[in-house]
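The values are calculated or read from the model by the stated rules, or taken from the named source; none is laboratory data. Everything quoted here is computed from the prediction, not taken from an experiment. Glycine also receives a Cβ, built like all others from the backbone with ideal geometry; neighbour counts cover every protein chain displayed.
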Amino acid sequence: MRLDTLECCMSVNSFNLYLNLKGNLWYECLEDSYGVIRESWLGNWLGMPYLLQECLRFLNLHENNLSEEARSMLSAAKSVALEIERQAQSLPNFTEPKYHNRMHFADAITSMSVQLAILVERHGKANQNWMACAMLTCIAHDFLHPGKVNLIESEIEKQSFNLLKPILSFHTIPKEWQKVIETAIVRSDFSIVHHNHASVTGKNFQWDLDWLCVLLNEADVMASTSAKYGPSLGESLAQEWQLIDFPLHSSVASLEGRKAFLKQLIFSSPSSYVLRLSERISVEILNLEM
């Protein structure tokens with residue numbers, strides 16, 4: 001969808017809040033962007049290709065300034081965005097998973113975009129290859145998610161990567177980058193998150209696989225940490241789990257379930273400190289216990 005058609009879908013003023021950084025108000029930018037996603041979701045969906053393009057604009061990832069590797073990875077990301085939309089539209093009455101749907105993908109790439117922008121500002125130099133890899137990995141980490149849970153470690157994540165491989169091959173992604181993407185997606189299983197954060201403990205940020213895994217883990221749950229938007233995401237997850245009769249569906253969206261979720265979260269990246277995510281989580285937990 002082009003910008004000149006947005007007015008019929010949602011107010012232009014509302015859309016202008018998407019990834020619109022004012023000063024250094026990074027968290028406000030993030031929360032406003034989540035709000036735009038939800039207004040679009042409930043009204044006229046902007047579409048993953050359009051949102052991805054806005055993320056790339058925000059990150060100044062302009063195709064003519066990129067290496068061949070970065071261009072190929074972003075081309076693959078755009079193909080993933082198109083396929084996500086195509087698959088959703090092919091479902092009867094858009095019966096996507098209640099949580100692992102296009103809104104989740106939009107939340108994740110928006111979160112990743114803010115993380116990367118903060119890192120560029122703080123470290124003074126963008127690594128466009130790693131940034132392109134991060135955006136591709138993020139939009140594909142739950143590619144064609146079936147709305148189920150892992151019976152064995154990384155079962156669904158491996159399935160997502162296997163479905164992604166033809167797209168990577170079509171766009172001639174170098175084998176070394178394919179391996180990075182595969183490893184990061186496989187390590188995005190929630191049960192491995194603590195291991196991923198432990199792997200960077202005491203280390204300064206650098207553009208590498210270990211830090212990519214941490215950034216992906218954080219982007220995956222960042223919207224769910226929001227006191228404003230997180231509880232409704234918990235309810236969506238409960239609905240998704242109820243459909244497969246997963247036992248935790250009855251508690252995940254409860255007050256105790258919310259507190260348990262927040263208490264197990266870890267944030268390690270420099271961008272998470274700028275966003276003060278751990279502090280915000282602590283405040284919400286305190287409020288929930290009052």
Residue count, the range 204-213 (criterion: charged (D, E, K, R) and either farther than 21 Å from residue 177 by Cα or assigned to a helix (DSSP H, G or I) (or both)): 1
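Out of everything in the range 40-67 that is among the charged types (D, E, K, R) and surrounded by fewer than 18 Cβ atoms within 10 Å (Cβ to Cβ), what residue ends up being nearest to the chain's Cα centre (by Cα)? Show your work before the answer.
Initial filter on the range 40-67 (among the charged types (D, E, K, R)): 54, 57, 63.
Pick out the ones that are also surrounded by fewer than 18 Cβ atoms within 10 Å (Cβ to Cβ) and you get 57, 63.
Numbers: 57: 17, 63: 22 Å.
It comes out as 57.
Residue-wise test of (1) surrounded by 20 or more Cβ atoms within 10 Å (Cβ to Cβ); (2) assigned to a loop (DSSP other than H, G, I, E, B); (3) modelled with pLDDT under 95.
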residue	(1), (2), (3)
202	no, yes, no
215	yes, no, no
227	no, yes, no
232	no, no, no
238	yes, no, no
242	no, no, no
Test: residue in the range 227-239 that is among the aliphatic types (A, V, I, L, M), without any contact (Cβ under 8 Å) to a residue 24 or more places away in the chain and farther than 22 Å from residue 97 by Cβ: no
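Please find, among 136, 164, 151, the residue that is in contact with a helix residue (DSSP H, G or I) (Cβ under 6 Å, 6 or more places away or on another chain) and either within 25 Å of residue 119 (Cα to Cα) or in a loop (DSSP other than H, G, I, E, B) (or both). Don't jump to the end; show me each part of the working.
Working: 164 fails: either within 25 Å of residue 119 (Cα to Cα) or in a loop (DSSP other than H, G, I, E, B) (or both); 151 fails: in contact with a helix residue (DSSP H, G or I) (Cβ under 6 Å, 6 or more places away or on another chain).
Unique residue meeting the criteria: 136.
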Scope the range 231-257; condition touching a Lys or Arg at 6+ places or on another chain (Cβ under 6 Å) and among the polar types (S, T, N, Q); matching residues: 236, 239
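Is at least one residue of the range 144-163 within 25 Å of residue 60 (Cα to Cα) and buried (at least 17 other Cβ atoms within 10 Å of the Cβ)?
At the first step, the residues of the range 144-163 found to be within 25 Å of residue 60 (Cα to Cα) are none.
Scanning the range 144-163 turns up no residue that is within 25 Å of residue 60 (Cα to Cα) and buried (at least 17 other Cβ atoms within 10 Å of the Cβ).
Taking the stated definitions as given, is residue 181 assigned to a helix (DSSP H, G or I) and crowded, with 20+ Cβ neighbours inside 10 Å?
Working: assigned to a helix (DSSP H, G or I): yes; crowded, with 20+ Cβ neighbours inside 10 Å: yes.
Spelling it out, residue 181 is indeed assigned to a helix (DSSP H, G or I) and crowded, with 20+ Cβ neighbours inside 10 Å.
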